[in-house]
Amino acid sequence: PLIRLEDYRPSDWLIDTVDLDISLHPQKTRVRALIALRPNPEGQPGAPLTLDGDELALKALSLDGKPLDASAFTVTPQALTIPAPPPHDFTLTIETEVDPSANTKLMGLYRSSKVYCTQCEADGFRRITYFLDRPDVMSVYTVRLEAAKAEAPVLLSNGNLVATGEMPGSDRHFAVWHDPHPKPAYLFALVGGALDHVRQDYVTADGQKVELAVYVEPGKAGRAGWALDSLVRCMRWDEKVFGRNYDLDVFNVVAVSDFNMGAMENKGLNIFNDKYVLADPQTATDGDYAAIEAIIAHEYFHNWTGNRITCRDWFQLCLKEGLTVFRDQEFSSDERSRPVKRIADVRTLRSTQFSEDAGPLAHPVRPRAYKEINNFYTPTVYEKGAEVIRMLKVMIGDDAFRRGMDLYFERCDGTAATIEEFLACFAESSGQDLAHFARWYEQAGTPTITASGRYDAAAKRYTLDLKQSTPPTPGQAEKLPVVLPIRLGLVGALGDLPLQTSSNAYAGDGLVVLDDAALSITFEEVTEAPTPSLMRGFSAPARLDLDLPDAALLRLFSTDSDAFNRWQSLQTIAVRALVAAGKPGSNQQALAATAGALGAAFDGFLKTDALADPAFAAQVLRLPSPADIAREIGRDVDPDAVFAAHRSLSAAIGEALLGNLPGLRAALATTGPYRPDAASAGRRALRNELLGLAALAEPAEGARLCEEQFAAADNLTDRLAALAAMTLVPGARREALIDRFAEAYAGEPLVLDKWLMAQALIPESETLERVKRLMQHPAFSLGNPNRVRALIGGFAANLTQFNRADGEGYGFVSDIVIALDRSNPQVASRLLGSFKSWRMLEPGRRRLAQEALGTVARTPNLSRDVADIAERALA
Ligand code: ARG
Ligand code: ZN
C-alpha cells in the first residue's frame, strides 16, 4: 500500500514502558515482552489495538497477567489485533520465538559471524515482537538478556547496565540494561557474543562520567583505536559547537561484519558495519580513516538529532538525517581542511544526488508518499537534506542558526518532531519568514541558475542577470522558484574587487538571494572588467550555467579568494570540453586545445603552490569522472564516447606533467611511520593522483612505478593506489600485481573488498567475465552485503561495462538482483538502484536497460523493496 504524509494520524494507543526478556539461542530465541499500554488522549477513544509484526510466530499472550482467550484477538505473522481492548491502561505479555540464524534480511535480530545483533530502523523491531512500530510511540525500555556464557560472554543493550549474574545450574548468564530515555522502537538494540573491546573514560563538559567502549571481533582490538579516538573528539566537538552533552553512563560501539548500511545510532549502543570501525595502517586507507571519523561522529551526533529528538513519522526522516549529515560534515571540516572537505562533499552530492534528481527515482527531501521506507534512505534525504541545512545557516547567519538550534533542542527534546517544528525555531531566532525557504523540502529536482554579466566600462557598472529554473521530475511537472543563496564576488586582475550596489537584493557581504524566477543586480564603482565568482563554497545545491571563457576561468583559478571556486574553475573547463567531446561524432580538436590549457595550468600550479596544500592540489588534479560527464550531457549518452574523451584528456594531461613527476613524487613522499592525519593523507593523495596520470601517459613506466610503490609501501593507501593505477594498464604485469595483492591480504575481507572493486571497475570488455570469475573466489559471498557492494556494486558503477552495448551488463546485474531479493531485499533494491540513470542513455542501451528492469519487475514474489524500485524506475 502507498503510505501518504497527509494521512498521518496520532496513534490511538501509547506504550509507556517495555520490559523485554530475551533468551538468546542460535535458532530458537525466546522473546517475552511486557508492554504497558495507555489510550492516547490525542487518538480515537475505544479504538481497536493493532500491533505490527513481520514474519513473527506468537507463542503466548496475556492481558494484565492473565492468558488472553483466543476469541479476544486475531494474529498473523504481520499483525496482532485486539478488536475490543479495555478502555483504560493495561499490560500485554507477548511471547514470540525468532530464528536469528535464518534471518538473512539483516533486519530485526540476526547473527553475524556468531554475534547476535539487531537492526531495527526503519521497521525491524516488529520482526522481534509485536509492537506499535512507529517513531512517535516512545517508551522506556528495560531489557534482560540471557545467553550461553561460552557463546555470548558479552551482552549489551541500550542505556545503563543495572545487573548481571549467572543462571545457577546451567551454562547460561544474564545482563539487565535500563534506558531511562523514552525512545521509539527503531532505536532498540542488543548485542551478544564473544567480543574484544577497547575502552576509555570520558567526562562530559557538564561533569558526567561516561565509559566509552568499542567492541570488535576477537583479535581485532588493535584496529579499534581510531574509532575510539574519533568518538572522543566528536563528543568534545558537540559540546563546544552545539552545546550538547552525552546523557548516559556508558556509550558502546559494536562492529559487525554483516550489515545492510553503514551504521546505526541505537541509543547508547551504536552498531556499525565493521568497515566503518576497523582501521590500522595495513588494512585501512586514508579514505577509510576519514570515513570512520565521519560516521562515528554521525552516529554519535544522532544522540541529540535523532534520539533525544526523533521523527514524528518516516516522512520526517531528513529531520534527523539531513541535519546529522550537516553536523558530521562540519565536524570533519573542523578536524581537517574545510575547503577540501567541501569539495569532496560536493563531488559526492553531484555524483549521487544530482543523478538521482535527474532520473526516475527523483523525490523531494521530504517525500510525500512511499511504499517501502527503506528505499528512502537516499542521497536526496541525506546529502541534499544536509545542503538545505547549510543554506539555512547561510540565509539566517551563524548566530541565528546557533540560537535556532538551541531553541530546537530546548523545545523539542523528548519529542517526535516535524520539519515544521524545526523550521519554526529558526524563523523565531532569525525573525525571518521561512515559508518560501521550506519549499526545498517539498520540491524535487536540481535547479539551474543561469547567470550572465555585462560590464559598462564608461559607467564603471557591472550588471549581473540571474535566472532560475528546475526541470520537471516524476509527479511534479510544474516547478516554482526556490530560495537560492548565492555567495559571490567580483574578481579583478589582482583579486576580489570591493562590492557596492544600490539594489536592496544585495546584502552587502557577498550574498545575493535569488528567490524569484529572475533577478538583476548592478554593482557600482567597478574599476575594471571583473570575472564573476558565483556560488562560492557551493552555496546552494544547484547547477550554475555561466558561460565564462577559459581565460576567465583560469583567472579565477589563480586569483579567486574562494578555494571552492578555484577548484571549480578548472573542473568547469574540463567538464565543458568533455561534454563537447563526449557526444558521438564530435570534433576532438577542441579537446586537444583544452588538454593544452589544463596541462599548462596544472604544470604551473604544481611548480608553484601545490606543495603548500597537497590535499587541495589532489582535488584540483582529479578530473570529473566519466559518469559526471555523462550526467552533464544528460541525454542520448554514449558511455563509450564519453569514456574515450575522458581517457584522451587524462592521458594528454598526464603527458604534459611527466617532466614534473619524479621530482614531485619524491618531494611528496612522507617520512617516518604511517600517520592518518589530514596533512599526511593529503601528500599521499597528490602523490597517488600523479601516479594515476603517469600510468595513463606512459603505461610501461607507470606500471614500473606501481610495482615499485607496491613493494616499498608500508601502508594500504599507497598499495591500493598502486593497484588502482595498475588497473589502467592492461597486460601481464597488471595480472601479476592483482595476484600479489590477493596473496598479501588473504584473510583480510575488508581489504579484499577493495581488491574486488578495483577489478570490477576496469573499463574493458573482459571485465564482466572477470567479475563472474571473481564470484567464485573464496573471498566473495553473495550473503555478505560488503562483498556484494564491492564486486557487484563496483561493476554496476563501471560506466562503460555496466552499460555494455550488448546489454550483458544489465542482464548480469538484474539476475543478481532477482537472486539476492530472496535472501536480502534491502541489498537487492540498493543494487537495482544502479539503473537509476537509464533514461539518459542512447536509444539502444536505453531499450536494453528497460528490458532488464522489466524482467525484474515481472518476477513473481518480489520483495516490496525491489518491486518499488523497479516500478518507479520504469514509470
Ligand atoms: N539511521 C542510520 C544512519 O543514517 C541508517 C539506518 C538505515 N537503515 C535502514 N535499514 N534503512 O545513521
Ligand atoms: Zn544517520
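Numbers below:
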| item | result |
| --- | --- |
| Cα-based radius of gyration of the range 131-193 once divided by 2.2 N^0.38 Å, which approximates compact folds | 1.24 |
| Per residue, the convex hull volume that the Cα atoms of the range 243-395 enclose (Å³) | 142 |
| Mean shadow area of the range 368-441, taken as a quarter of the surface of its Cα convex hull (nm²) | 5.4 |
| Cα pair count fraction exceeding 22 Å, expressed as % - the range 161-247 | 47 |
| Alpha carbon convex hull of the chain, projected area averaged over orientations, nm² | 36.6 |
| At R0 = 25 Å, FRET efficiency that the Cβ-Cβ distance of residue 201 and residue 114 yields, to 0.05 | 0.25 |
| The range 845-875-the range 416-494 distance, computed between alpha-carbon centres (Å) | 36 |
| Long-range tail of P(r) for the range 732-789 (Cα pairs > 17 Å, %) | 34 |
| Relative packing of 53-62, 796-805, which averages over residues the other C-beta atoms within 10 Å, highest first | 796-805, 53-62 |
| Translational D in µm²/s for the range 239-304 (Stokes-Einstein at 25 °C, 0.890 mPa s, Kirkwood Rh from C-alpha pairs) | 194 |
| Percentage of interatomic Cα-Cα distances in the range 472-540 larger than 20 Å | 37 |
| Order by protection proxy (mean Cβ within 10 Å, highest first), peptides 411-418, 297-304 | 297-304, 411-418 |
| Alpha-carbon Debye profile of the range 86-190, log10 I(q)/I(0) at 0.22 Å⁻¹ | -1.34 |
| Ranking of 28, 66 by count of other Cβ atoms within 10 Å, fewest first | 66, 28 |
| Integer Hz, Karplus 6.51/-1.76/1.60 couplings in order for the range 634-650, x for Gly and Pro | x, 8, 6, 6, 9, x, 5, 5, 4, 5, 4, 5, 4, 4, 5, 5, 4 |
| The range 666-819: radius of gyration and largest Cα-Cα distance (Dmax), Å | 16.2, 51 |
| Value of Rg to Rh for the range 749-817 (Rh from inverse mean 1/r over Cα pairs, i.e. Kirkwood) | 0.93 |
| Table column - 3J(HN,Hα) (Hz), the range 240-247, Karplus curve with 6.51, -1.76, 1.60, x for Gly and Pro | 6, 8, 10, x, 9, 9, 6, 9 |
| For the range 793-875: rounded, prolate or oblate by the Cα gyration tensor [a/c cutoff 1.5] | prolate |
| Mean shadow area of the range 217-260 over all directions, Cα convex hull, nm² | 4.4 |
| Distance histogram for the range 505-601 (every C-alpha pair counted, 5 angstrom bins, percent rounded to whole numbers) | 2, 11, 19, 20, 19, 13, 8, 6, 2, 0 |
| Cα centroid separation - the range 665-710 against the range 803-843, whole Å | 35 |
| Sites matching trypsin sites (Lys or Arg not before Pro) across the range 529-559 that sit in DSSP coil, with at most 13 neighbouring C-beta atoms within 10 Å | none |
| For the range 406-454, the fraction of alpha-carbon pairs in successive 10 Å shells from zero, as % | 20, 38, 26, 11, 4, 0 |
| Charge context of residue 638, other residues only, Cβ under 9 angstrom, K/R +1, D/E -1 | -1 |
| Taking all pairs of distinct alpha-carbon atoms in the range 554-622, Kirkwood radius in angstrom | 12.7 |
| q = 0.11 Å⁻¹, the range 175-306: log10 I(q)/I(0) [Debye, one scatterer per Cα] | -0.35 |
| Degrees separating the helix 699-712 axis from the principal Cα axis of the chain, which is the longest one | 50 |
| Hydrodynamic radius of the range 345-474 per Kirkwood, over alpha carbon pairs, in Å | 16.9 |
| Kirkwood-Stokes translational diffusion coefficient of the range 510-566, alpha-carbon pairs, 4 °C, 1.567 mPa s, µm²/s | 100 |
| ³J(HN,Hα), Karplus 6.51/-1.76/1.60, whole Hz, each residue of the range 470-483, x for Gly, Pro | 10, x, x, 10, x, x, 9, 6, 9, 10, 10, x, 10, 8 |
| Over the range 634-713, volume per residue of the alpha carbon convex hull, in Å³ | 123 |
| Equivalent ellipsoid, the range 1-75 (semi-axes from 5 times Cα gyration tensor eigenvalues, Å) | 26, 17, 14 |
| Gap separating the Cα centres of the range 273-327 and the range 131-178, nearest whole Å | 25 |
| Alpha-carbon Rg with Dmax, taken over the range 1-128, Å | 15.6, 47 |
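Every read-out reported here was derived from the displayed coordinates using simple, explicitly stated rules and does not represent laboratory data. Please read these numbers as outputs of a predicted model, since none were measured by experiment. No Cβ is skipped: glycine too gets one built from the backbone with ideal geometry, and neighbour counts run over all protein chains shown.
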